[in-house]
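Asker: Take this structure, written in structure tokens, and hold onto it; I'll ask about it next.
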Amino acid sequence: MSAAPANSLSSINHIVVLMLENRSFDHMLGFLYADAGNVSPAGQPFEGLKGTETNPGTGGTDPVAVFKIQPATASTYYMPGADPGEGYTATNSQLFGSNTAPTPPVATNQGFVTNFAYTLGWEAKENYTILAGTVANDIMGIHTPETLPVLSALARGFAVCDYWYGSAPTETLPNRAFVHAATSQGHMDDKTKTFTAATIYTSLTKQNVSWKIYGYDADPLTRQTFTDLTGLADTFFGEFSNFQSDAASGSLPAYSFLEPSWGSTGNSQHPNYDVALGEQFLHDVYYALRNGPAWNQTLLIVTYDEHGGCYDHVPPPSGATPPDSSAGEYGFDFTRFGPRVPTLLISPLIPAGTVFRVPQGSVPFDHTSVLKTVEQRWSIPALSARDAAAPDVAAVLSLATARTDDPLSGVVVPVSSGTNPSANRPSHLQEVYADLVSRLPVPDAQQGTHRPTPKLETGYDYDRYIKERLTAWKASRNKAKPAK
């Protein structure tokens, strides 16, 4: 199904975005319609896998073909067994076979096995957690509808976008910056933890449109990564339990953004954490909305911030519009998109079996298409040149009458039978979060307001420190407010 500007978003009063972590389109959905020759039930072509796709083996060994991750094994939900390379140079290696992009940047996507071999080597030396028995060829493992029944049933039951790209060919924080602010301000790695660009939330406030950002079991990390959000009232932020109650009571804001839990035992689906926990999270988000009174006026967008080094066979295109005049790190000019990521559009106003893409030759979907859709719905100006050029997803809402069937009816949420290889090791984003909250102005006994992050060792240590620091910061803020 192709996007058409004639369709309207006027029937939608609530847009909800769930952004998960670091998985490519093929890795999660490549075999979605393999049983039907990569054609959806609606007769639409689907850019999935044939099963014959390969990458060169390491050291001149035989090519490695994609293979199906088998259900009910100890490793099923921890594949590919380690954290693949995901930064700019690693992504170049995966796409071009070189740490630097050629001119012109024509990708072949033939470097995934080689790059994973390199990554496994240095991670072993640095004592990263690697699932026992993991080898470079495992990067070609692909989930199936049998291993991901929730994601797959929703993709089949509503709409899947098979040409939705990360906004930049690099790691998490720059791509998340694009979904909030339509720019990463030139940043191309996670070393920069905060952004000063204006966000969509400031624009929504100016238009008197309600919004809220929900963390999973703590304040959202997003609040600390954007300077125009950190100091706002606590009422703009919540946890997933608040989202569930807001949905149930019909008090969801116009725009909601959901984060997963960031720890290694959480539900973000970051490799090599338990993907089954993310299936449960997706199930819970869907039913919170479906069982609420505003379901018929709701659009849920499920996407992933970046590919996380997982295999995908489609070369990401050039022709992206640079968001602004910011000079890019690594000399990157922001005219290339990142690899494909799984993206679903879920609403009772969407026909089942929809494969949704823009017409050939058009600007493709990327994370700023979320912003463009919000901007179109509530008459908000673009934040940057990137979202100004992006297509929206309005045309997917093609039904005049809301459906009443439930594509998840009878679907059983999977549970991993394996042991988490990362156990209680802190995650990268927990480390980012701890550093950010250490900077919050919380007066201490010496009347100072900034303390270095204490020595933290386990994921539990990080979670506890983050929550304690946030609690103290909120208390000091409330204490500082003048009495009314």
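Asker: Take the alpha carbon gyration tensor of the stretch 231-295, find the square roots of its eigenvalues, order them as a ≥ b ≥ c, and report rounded if a/c is under 1.5; if not, report prolate when a/b exceeds b/c, else oblate.
Answerer: oblate
Asker: Just to check I understand the Karplus step: with θ = phi - 60° and J = 6.51 cos²θ - 1.76 cosθ + 1.60, what whole-Hz values come out for the stretch 428-439, glycine and proline as x?
Answerer: Residue by residue, the stretch 428-439 yields 4, 6, 5, 5, 4, 4, 4, 5, 5, 6, 5, 8 Hz.
Asker: Residue by residue through the stretch 312-319, which ³J(HN,Hα) values in whole Hz follow from phi under the Karplus form 6.51 cos²θ - 1.76 cosθ + 1.60 (θ = phi - 60°), with glycine and proline marked x?
Answerer: 9, 9, 9, x, x, x, 8, x
Asker: Once phi is turned into ³J(HN,Hα) by the Karplus curve 6.51 cos²θ - 1.76 cosθ + 1.60 with θ = phi - 60°, what whole-Hz value does each residue of the stretch 285-295 show in order, with x for glycine and proline?
Answerer: Values per residue, Gly and Pro as x: 5, 4, 6, 4, 6, 4, 7, x, x, 9, 3 Hz.
Asker: So what are the stretch 194-312's ellipsoid semi-axes, whole angstrom, largest first, if each one is the square root of 5 times an eigenvalue of the alpha-carbon gyration tensor?
Answerer: Ellipsoid half-lengths, sorted descending, are 23, 20, 13 Å.
Asker: Along each principal axis of its Cα atoms, how long is the stretch 280-364 end to end? Whole angstroms, biggest number first, please.
Answerer: 48, 29, 28
Asker: When the chain is fully extended, how far beyond the present Cα-Cα distance does Ser417 get from Ser438, taking 0.36 nm per residue of separation?
Answerer: Taking Ser417 through Ser438 to full extension adds about 3.9 nm, to one decimal.
Asker: Which value, in nm² and rounded to one decimal, describes the direction-averaged projected area of the C-alpha convex hull of the stretch 158-214?
Answerer: Projected area, direction-averaged: 5.6 nm².
Asker: In vacuum, with every alpha carbon of the stretch 220-379 counted as one equal point scatterer, what does the Debye formula give for log10 I(q)/I(0) at q = 0.14 Å⁻¹? Two decimals, please.
Answerer: Each listed q corresponds, in turn, to -0.96.
Asker: Out of residues 5 or more away from Gly238 or on other chains, whose amide H comes under 5 Å of its own, with H placed 1.01 Å from N in the peptide plane?
Answerer: Ile213, Tyr214, Gly215
Asker: In whole Å, how far is the Cα centre of the stretch 226-286 from that of the stretch 185-222?
Answerer: 14 Å
Asker: Set the Förster distance to 41 Å, then compute FRET efficiency between Ser241 and Ala352 from the Cβ-Cβ distance, nearest 0.05.
Answerer: 0.85
Asker: Moving on to the next point. Please compute the modelled spin-label separation between Ala475 and Gln376, points set 7 Å along Cα→Cβ, answer in nm with one decimal.
Answerer: It is 4.8 nm.
Asker: What area, in nm² and to one decimal, does the C-alpha convex hull of the stretch 79-188 cast on average over all directions?
Answerer: About 9.0 nm², averaged over all directions.
Asker: Okay, moving on. What does the charge count around Thr373 come to, taking other residues whose C-beta lies under 13 Å from its C-beta (Lys +1, Arg +1, Asp -1, Glu -1)?
Answerer: -2
Asker: How big is the shadow of the Cα convex hull of the chain, averaged over all directions, in nm²?
Answerer: Averaged projected area of the chain's Cα convex hull equals 23.0 nm².
Asker: Name the residues whose placed amide hydrogens come within less than 5 Å of the amide hydrogen of Tyr304, ignoring near sequence neighbours (fewer than 5 apart) on the same chain.
Answerer: Counting only residues 5 or more places away or on other chains, the set is Leu20.
Asker: Additional query: Amide H of Val64: which non-local residues (sequence gap of 5 or more, or other chain) have their own amide H closer than 5 Å, using H built in the peptide plane?
Answerer: When sequence neighbours closer than 5 places are left aside, the close amide H contacts are Asn55, Gly57.
Asker: So what's the convex hull volume per residue for the Cα atoms of the stretch 123-223, in Å³?
Answerer: Once divided by residue count, the hull of the stretch 123-223 is 208 Å³.
Asker: When the Cα atoms of the stretch 325-445 are enclosed in a convex hull and the volume is divided per residue, what value in Å³ results?
Answerer: Spelled out: Cα convex hull of the stretch 325-445, divided by residues, is 289 Å³.
Asker: Based on the inverse mean of 1/r over its pairs of different Cα atoms, what is the Kirkwood hydrodynamic radius of the stretch 23-97, in Å?
Answerer: Value: 14.6 Å, from the Cα pair sum.
Asker: Also, I was wondering about something else. Please work out the FRET efficiency for the pair Ala124 and Asn13, using the Cβ-Cβ distance as r and a Förster radius of 51 Å; give the result to the nearest 0.05.
Answerer: Efficiency, rounded to the nearest 0.05: 0.50.
Only the coordinates and a few stated rules stand behind these numbers; no lab work does. These figures come from a predicted structure and were not determined experimentally. Ideal geometry is used to build each Cβ from the backbone, glycine not excepted, and the neighbour counts take in all protein chains shown.
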